[in-house]
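The values are calculated or read from the model by the stated rules, or taken from the named source; none is laboratory data. These numbers come from a predicted model, not from an experiment. Cβ coordinates were reconstructed from backbone atoms using ideal geometry, including for glycine residues, and neighbour counts include every protein chain displayed. Note: accessible area is taken over every heavy atom of the protein model, side chains too, but ligands, DNA and RNA are not part of it. Shrake-Rupley method; radii C 1.70, N 1.55, O 1.52, S 1.80 Å.
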Amino acid sequence: MVSYENFYEGTSYSLDGNYGNFLGYRVNAGVLGAPLKADTAAQIIEATNMLNQGFKKIEVGVINTQIFDQIPKQHFKEMNRLNKLTGAKASLHAPIQDIEASGILNNKYSELNRDIVERQLKDVIDKAHELDPDSPLPVTIHSANMPGTQYIRGNLEKGEEKFKENELVAINQETGEVNRAFREEERAYPQAIAETGKPIKYSPSDQLEIANSSQWVNRINELANFKKTTDEVVVDVNNGLANFVRQEKETGKVMIDQDQAKFIQRQISKADIFLQNTEMSFRAMFEQAYKYSDDETKKQLKVLAQDWVEESKKYHPKNIVEKFGNNYFQAKAEEIQLRSSIIDNAITKLDQLYSDPRKNSAPQVFKAVEDFAMEKSAQTFANVAWHSYDKYKDKAPIVSIENLYSGMAFAKPEEFKKLVHTARDKFVEKAMQSGMGEEQAKRAAEQVIGVTWDVGHLNILKKQGFKDEDLVEATRLLGKDIKHVHLTDNFGYSDSHLAPGMGNVPIKKHLEALEKAGVLGKDTMLINESSGFPQHFRQSPLPYILEAFGSPVSASGGYWNQAVWNTGGGYQQFPSAVFPDYHFQIYGGLGFSSIPRELGGQMSSERSRFSGAQNS
């Protein structure tokens, strides 16, 4: 009796019902795509190579902004012609280097940086339209290219949140510098010791709040020191003037020599300078408080400001002159005394406003980068999307925001979704300002702003303890927001870009969730980011991708594991990758599988018919 296992000497072959479709989810080969080589401006050559392999979907783009700028605009039109000739479709990946939608580059925020990035992305949109002027092409843009909050999976049974903060990256909003990281730590603060008798753990958010409180207390103390010095000078002035008043009472006139007058004048000038500095510091602190406090606290600050203005009217120079006539020293002393009293009251009120953190948190000078970047990144995406829609209407390239992996900003699915929807809200505002109706603006926002969902990036949450069900839940959460999909595999520790089925990404479950959300369809592009495989193994990942999905590989619609129809060796006209290597090595034949890889075949040189293998 013939044993097929022996016949094929243990190699993989299509008679095995498990061969092909080992992901358990069939995908038509026509929706499977791959990115072009991302380190060269010769994207036409790379597109030709990819199309020659049989991919019907390609993603154009390079990582480096300078290399991207070296791609001539004519090349995008030429790639469009190539796609039309081959019946293929393209998407575009915006460059990564120096592209950060929030404007935070090299750990420093600048509005100029944000403006530059916005203009660069508008240029990417224009090139995307050249690549496909007939349909809305997805343009993938990273949600962030900077570190952000890291999470670990919390113990739900203990009441912890699923996404538990492990490390929080903060930006100083005053300086724009990203230079602080807050971690969960045990602290022996007096309150903790008094309440529990031992140090207690403070979360990264707790540490951030403590940092803001400490910063505010330091500013109040600096202001208090200014005020103390001012008060000491005012006392010297008042003591000197008291002598004059006593002399006047005792003798009926004021006897003052030149040295005494100079001393009093110096003290008055010194007091005036210190008061000016104190007032300037108070104004700066008030501004900081107003900029970085919540809306309710701002209402209280407005009342404080009104009181300050009303009090300040009391020391109008005209009123003081009328009171003291030509007695310059007494007039100035009265003015300084009034100003000192007013600033003292204002400082006290400002301090009291933040003295109880249960009522008002300290001004949030330090802020988590996600909270800081949310509005700014969303504004960039909205402006770029409006540029796309306003210029190209129904053919507008899609701003497709890509989720990043654990450790980067907006890696938490809920935060990422909030970013996308905030960008849509800002788009609607901009569209309505241009005269568009609200409902039309909302439809346009959903059309032109969406998500590139990278399941490989998502999988890296596993190293923080997250499970398959957590990741699939995130796919369900994004649901209909998803416009474009990146399929790539890894083991949950690095973005290794393996072909699907070569790691532990739950690709089948993700695709089932996408299918249920109505995301998958004939126009869907599943871009297989499998650059790690050809880089290390010098082979195209296409046969492995087709095998993983059990994809149809012939016009007649046969699937990968249906390639052999009988034991007599009759094969449909499938690509050479389905031919059993050893059959042709042993029995000969003209199949492509016996041709060396150097000539476009499958066999290594030492095993092929051309290098001396038996042929009958």
Hey, if we sort His457, His497 by accessible area with the 1.4 Å probe, largest down, what's the order? His497, His457
What fraction, in whole percent, of alpha-carbon pairs in the range 198-243 exceed 12 Å separation? 73 percent
Starting from the Cα of Gln440, step 7 Å along the direction of its Cβ; do the same at Lys516; then give the gap between the two resulting points in nm. 3.8 nm
Kindly write out, for the range 293-305 in residue order, the coupling ³J(HN,Hα) from the Karplus curve 6.51 cos²θ - 1.76 cosθ + 1.60 (θ = phi - 60°), rounded to whole Hz, with x marking Gly and Pro. 10, 6, 4, 5, 5, 4, 4, 5, 5, 5, 5, 4, 5
Which three semi-axes in whole Å describe the equivalent ellipsoid of the range 373-420, each the square root of 5 times a Cα gyration tensor eigenvalue, listed largest first? 24, 11, 7
What accessible area, in Å² to the nearest ten, does a 1.4 Å probe give for Tyr389? 30 Å²
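Relative contact order, percent, of the range 357-475 when contacts are C-alpha pairs under 8 Å separated by at least 6 residues? Don't skip to the end; give the middle numbers.
Values: 120 pairs, mean separation 37.0, N = 119.
Across the range 357-475, relative contact order equals 31 percent.
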Specify the inter-centroid distance of the range 511-549 and the range 148-219, based on alpha-carbon positions, in whole Å. 40 Å
Amide H within-cut-off set for Leu105, under 5 Å, with H built and near neighbours excluded: Ser110
Put Glu279, Glu130 in order of accessible area, largest first, 1.4 Å probe: what do you get? Glu130, Glu279
If you plug each phi of the range 205-210 into the Karplus form 6.51 cos²θ - 1.76 cosθ + 1.60 with θ = phi - 60°, what whole-Hz ³J(HN,Hα) values come out, in order, with x for Gly and Pro? 5, 4, 4, 5, 5, 5
Can you compute 3J(HN,Hα) from phi for each residue in the range 341-357, using the Karplus curve 6.51 cos²θ - 1.76 cosθ + 1.60 with θ = phi - 60°, rounded to whole Hz and x for Gly and Pro? 5, 5, 5, 5, 5, 5, 5, 4, 5, 5, 5, 5, 4, 10, 6, 10, x
Mind listing the long-range amide H neighbours of Gly503? Cut-off is under 5 Å, sequence gap 5 or more, other chains count too, H placed in the peptide plane at 1.01 Å from N. Asn490
Relative contact order for the range 175-234: what percent, with Cα pairs under 8 Å and sequence separation of 6 or more? 27 percent
Could you check how much of the accessible area of the range 106-234 is carbon and sulfur, as a whole percent, using a 1.4 Å probe? 46 percent
Report the FRET efficiency, 1/(1 + (r/R0)^6), for Ala224 and Asp295, where r is their Cβ-Cβ distance and R0 is 30 Å, rounded to 0.05. 0.60
Check cross-link reach from Lys57 to the lysines: straight Cα distance under 22 Å, and skip same-chain residues fewer than eight apart. Lys37, Lys73, Lys77, Lys84, Lys89, Lys127, Lys395, Lys480, Lys483, Lys508, Lys522
Shape category assigned to the range 139-250 from the gyration tensor of Cα positions, a/c cut at 1.5: oblate
In percent, what relative contact order does the range 469-529 have, based on Cα pairs under 8 Å that are 6 or more apart in sequence? 43 percent
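Multiply the residue gap between Ser110 and Ile45 by 0.36 nm, knock off their C-alpha separation, and tell me the result in nm, one decimal place. Numbers along the way, then the final one.
Numbers: separation 65, 0.36 × 65 = 23.40 nm, distance 3.77 nm.
Result: 19.6 nm gained on full extension.
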Heavy-atom accessible area ranking, 1.4 Å probe, most first, across Met79, Met50: Met50, Met79
Which shape class, rounded, prolate or oblate, goes with the range 416-518 when its Cα gyration tensor gives a ≥ b ≥ c as root eigenvalues, a/c under 1.5 marks rounded, and past that a/b bigger than b/c marks prolate? prolate
